[in-house]
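The numbers here are math on the coordinates, done by the rules we state, and not lab data. Please read these numbers as outputs of a predicted model, since none were measured by experiment. Every residue, glycine as well, gets a Cβ built from its backbone with ideal geometry; the counts of neighbours run over all protein chains shown.
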Amino acid sequence: MAIFHTRAATRRRIAAVVAVATASVLALAGCAPGSSAPTTTKSTAVTTTLTSKKVHLTIADETGFPLTDKLTAEFTAQHPNITFTVTRDTFQNLTANAPKLLASSTPPDLIRLPMIGDTVKDGLLANLDPYFAAYGWDKWSASQLAPLRVNKDNVRGSGSLYQLGLGYSVTGIYMNTKLAAKVGITAPPATLAELESDMAAAKAKGILPLMEGDKDGVVNFVVQAAMNQYADKTQMMNWIMNVKGASYNTPGNVKGADLIRKWADAGYFPSDINAIDYPTFVSRFQAGEGLFTFNGNWAAADTQAKMGNGVTFFLVPPATAGAPHVAMGAANSFSVAAKSAHINEIVYFLNWIHTNAKARQIVLDVTGAAPGGDPTEAQPTAAPGSLTEQALKMSAQIGSENGQVDFMSNATAGIYAGAIIPESQLLVTGKISGQEFVTKVQDFYAQELAG
Amino acid sequence: MIVNKSEVVIGRIVLVIVLVLTLIPLANMLSAALQPAGDNPTGLTWPAHPQWSNFVTAFDTGHVWQLMGSSLLIVVVVVPVSLLFSTLAGYALGNLRMRGGRFVFIFLILGLTIPFEALIIPLYYQVQAIGVLNTQWAVILPLIGLYMPFSVVWMRAHFIGVPRELSEAARVDGATTLQEFRRIQLPLARPALSALAILLFLWTWNQFLLPVVLISDPLSRTVAGALTFFQGQYSSSIPLLNAGALIIIVPTIVVFIVFQRQFIRALLQGAVKG
Amino acid sequence: MTTSIAPRRAAAHSAARRGTLVGWLFAAPALIAYCAFVIYPLLTGLQYSFYRWNGVGPSEWVGINNYVRVFTDPDLLGSIRNAFVLIAFFTIVPVAAGLVLATLIRSMRPGFFSSASQTILFLPQIIPLAAAGIGWSWMYAQTGAVNQLLSAVGLGSLARPWLGDFQTALPAVGLIGSWVLTGLCTVLFLTGIGKIDPSLYEAVRLDGANWAREFVTVTIPGLRQEIAVLVTITIIAALSSFDIIYTTTLGGPGRATLVPGISIYRIGFTQSEVGLASAFGIVLMILVLACVLPIQRLARVSDR
């Protein structure tokens, strides 16, 4: 190909080009990339009264979760001078872009931010402490807000408030009651052992015990649910919050991961699990495939609509009968950009979501999640006997048993895509042991926190 | 050419099989797109009641008008500007052959083999520094630069093939370089330019990595870059997802079918001649 | 004599100088765009690769540490290995298939069937790769057409979720590449064959050579240049694949289809390790050059 034709003379010219390039790199190397100091939040006078001026707010959210559409519409109906634009992208893209979006010259005012990562350290998020005092959020559930705090050492769990939740989730097990009747199951299992014998019974009858998908790593709901019943909850929380010295490599976690390997070997998962993504396994469960599925309260309303009374929702049972329940749950966390020009307005909106009766009802109706806020405030209403009502009860029970842990995939920005997804895909197909899973995830975590 | 009969028959069968294999994925997308939107279709089966309305639904929920507009804006800037820059440079290197031209040529050739992935990280911070991140300009500006190696080499190949006597005759008649370029060279370069235009159109329309990384709002991306948004939007409906993907494919097929003759011919000349 | 020549020489000289000036002016816009958006990012990428930087905060000089990690991290090395496996599907299959198909089409009378074949074969080349990825994920699904076809011919036991299976995911993704690139190869080879002297074909046929012999002794040698071009283009496509993987497997299951493009995207954006991602980008570029340059050299040697 003549396009690539080179002669001896031109090869000398290439050498010259390379030399020039190298020289300019050496020149560039003198100055390091990036800012030397974190940008400081510009101070805005904190106010809890809403402006009467026209203000346009922007929100970056993930696709498939219409909650922000409904809430912004209702807010604009109540306050016509405030309008919104909501942009959406997949979870994968949004989490990859979030820090860069926040650092850009035109950040969204509010952003769905599942992983805080370095964003606080780099001064990208607005500190909500002044509003905490101004609005009196001390009446709200402190344990719900704790994971949304970050301290000076970039450890979550304490320190200043940087996020609020648009609904607070709880996870559990959905059971197809029609299939359960066929297998002879009359009540939700009370222990992990009962859960296992239920699955074995289903398998014997040719019914798929667990409808799960792991193309996008969602089987980690099951993995962590198993770990939760064996592991020390505080250790797991510390690890997720990046407390120094916390390790994932604990006997409880290994035991939980081994249980998943055992279930994989027993054929409890669908054979094409690594080709099934979240929406697919949800719709396949709703279509009647699989006895159990592990999912969160956000799927309650939709599942009810599709399956009617043929489904029930309950907390993952503990390892020993009567032990307190432990379940993953987290705020559907949103952060305000430090560079936002409308911090007062967007925080007013956040406070409104937690306190306005209509907004709280929207949160429950759309997501099935508890709206949070002041526990003494009137709870939104759910239809009696509905999955949503069960979900609310589960939230309350976990609250009273103090059994909430965050999702392990929220531990660091990269751990989900970099370790949990690929390693869980190996685990659920019986390619690695529980110990290998735990070790690989911990190695990745240590390297990411060091890097 | 003398070919015996059995060879012809076997050859035809092989060819037909390959053609069918080539078309199956597209046909399969169409058959899936026409199933009822709430169904989980199975394999390649023509639906009893084709749901053409899925395309309308996919069009609306996918905000396809907005996406096409955004794509078009990017194409309308990138393609003409790239054509202009590369024609000028191709003329300089292929016809004027100025001193140092060989050096410029080699310098550009180096760029031909650089994968976009190797540049995407620094491009991100560069575009951010310019202040156009998350706008269409974040894709437009880098694409023009990234297209230069191929486009200039392509146009240079054309201009080298034009007999130099033409230029000399024009200059004897007292034409300036610019006049000669406009009156004589440009009309001759038409086929090469139109093929390059089609290529650049397809590459820009299909560009995925740059828009996904450099524009956070999927609705400001190219349609191909917005496919991830489609995946999120229609994730629970295989029919709608396929309908959305087909809507994005159609413009490229139309452009190709309309221009294919000059496109394939010029592509071949360009790539082999150099 | 000398007096009359001197001015003419001077005139020619100044014309050449004018040509040089105008030439550089003409080349300037392209060069500026190229330097601004290819060379400059390349150099800054090289610079980043020596730092530890999260893209926002302060950075720290770490020397060649990032390169050491690229060459010692088994996951990153695995993604490079996968990219080389893809060469089999992006390069060898399409080039071989293209050679065969081109000779087949050429053996037919020019007409509707032959031109329609070219158009159809070329179609996959022009549609967005990302869209092809979506269509093919559906083909490969448990309930997709591939498994349907297998059960129809009695091979139902082979049915599997092709993209979710550790053994088949990489070849399955690779075949999408074969599907895309075969048309390009066929069409390019067709023109190449058109330029081969027909008397060469007649000569071997008169010698009683069959189709295969003719293919090896006339067609392949006559297409050396085209083969070099296509091998170059397709190797670049294989090593820098991104769109297809992104819309089909995202590197899974496990890391079975992880390729450098996806790794760079993930490390640079999801994990915010800009230095490591930049170093991997530079390594990828060097890998491409290391594969492509010898092909150019080989093509030239065999030209002689």
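Overview of results
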quantity: Among C:Ile262, C:Ile244, C:Ile105: highest mean-square fluctuation, GNM of chain C, C-alpha pairs under 10 Å; calculated: C:Ile105
quantity: Globularity ratio of region B:115-251, using Cα Rg and 2.2 N^0.38 Å; calculated: 1.44
quantity: Of the trypsin sites (Lys or Arg not before Pro) in region A:188-259, those whose Cβ has at most 15 other Cβ within 10 Å and which sit in DSSP loop; calculated: A:Lys205, A:Lys244
quantity: Shielding by other protein chains, C:178-189, mean Cβ within 10 Å; calculated: 2
quantity: Net +/- balance of residues flanking A:Gly403 in space, Cβ distance below 13 Å, scoring K and R +1, D and E -1; calculated: -2
quantity: The protein assembly as shown, helix-only ellipticity at 222 nm - DSSP H runs n ≥ 4, -39,500 (n - 2.57), divided by all residues, nearest 500; calculated: -18500 deg cm²/dmol
quantity: Cβ-based exposure ranking for A:Met227, A:Met237, in which fewest neighbours within 10 Å come first; calculated: A:Met237, A:Met227
quantity: For A:Lys233, net neighbour charge (Lys/Arg +1, Asp/Glu -1) across residues whose Cβ lies under 15 Å away; calculated: -2
quantity: B:Leu30 versus C:Arg109: modelled label distance in nm, points set 7 Å from Cα along the beta carbon direction; calculated: 2.9
quantity: Residues C:Ser115, A:Ser283, sorted so that the one with the fewest Cβ neighbours within 10 Å comes first; calculated: C:Ser115, A:Ser283
quantity: DSSP H segments from chain A that extend 27 Å or more along their own axis, Cα-based, with Kyte-Doolittle mean of -0.5 or above; calculated: A:8-28
quantity: For residues of B:14-26, the mean tally of beta carbons on other chains within 10 Å; calculated: 6
quantity: Where Rh is the Kirkwood radius over Cα pairs, Rg/Rh for chain A; calculated: 1.03
quantity: Debye log10 I(q)/I(0) for region C:72-303, one point scatterer per Cα, at q = 0.14, 0.15, 0.18 Å⁻¹; calculated: -0.98, -1.07, -1.28
quantity: Chain B: most fluctuating residue of B:Ile109, B:Ile215, B:Ile198 per GNM, C-alpha cutoff 10 Å; calculated: B:Ile109
quantity: Built amide H within the under 5 Å cut-off of A:Leu164, gap 5+; calculated: A:Phe334
quantity: Calculated FRET efficiency for the pair B:Thr135/A:Thr381, C-beta based, R₀ 60 Å, to 0.05; calculated: 0.85
quantity: Nearby aspartates and glutamates by direct alpha-carbon distance to A:Lys53 (threshold 19 angstrom, same-chain neighbours under 8 apart not counted); calculated: A:Glu74, A:Asp109, A:Glu345
quantity: Cα→Cβ-extended label distance, 7 Å offset, between B:Leu178 and C:Ala152, nm; calculated: 6.4
quantity: Zone residues, region B:143-163, relative to B:Leu188, backbone N less than 19 Å from point 7 Å out along Cα-to-Cβ; calculated: B:152-163
quantity: Where only alpha carbons of the protein assembly as shown are counted, the Rg and the Dmax (Å); calculated: 31.1, 117
quantity: Proximal lysines to A:Lys255, defined as alpha-carbon separation beneath 21 angstrom and excluding residues fewer than eight positions away on the same chain; calculated: A:Lys233, A:Lys431, A:Lys440
quantity: Sites C:Ala88 and A:Ala204 - FRET efficiency at Förster radius 41 Å, r taken between beta-carbons, to 0.05; calculated: 0.40
quantity: Per-residue mean of C-beta atoms belonging to partner chains within 10 Å, peptide A:281-294; calculated: 1
quantity: Neighbour-count order for C:Cys291, C:Cys35, C:Cys185, fewest beta carbons within 10 angstrom listed first; calculated: C:Cys35, C:Cys291, C:Cys185
quantity: Chain B: most fluctuating residue of B:Gly69, B:Gly225, B:Gly101 per GNM, C-alpha cutoff 10 Å; calculated: B:Gly101
quantity: Computed Rg/Rh of region B:5-56, alpha carbon atoms with Kirkwood Rh; calculated: 1.24
quantity: Interatomic Cα distance distribution for chain B, bins of 10 angstrom, percent; calculated: 6, 22, 25, 23, 15, 7, 2, 0
quantity: Region C:52-96: chymotrypsin sites (Phe, Trp or Tyr not before Pro) in DSSP loop, at most 15 other beta carbons within 10 Å; calculated: none
quantity: Point-to-point label distance, A:Asp232-A:Lys262, nm (Cα→Cβ direction, 7 Å offset); calculated: 2.3
quantity: Cleavage-rule hits (GluC sites (Glu not before Pro)) in region A:394-451: DSSP loop, at most 12 neighbouring Cβ within 10 angstrom; calculated: none
quantity: Region B:5-56 - percent relative contact order, Cα under 8 Å, separation 6 or more; calculated: 29
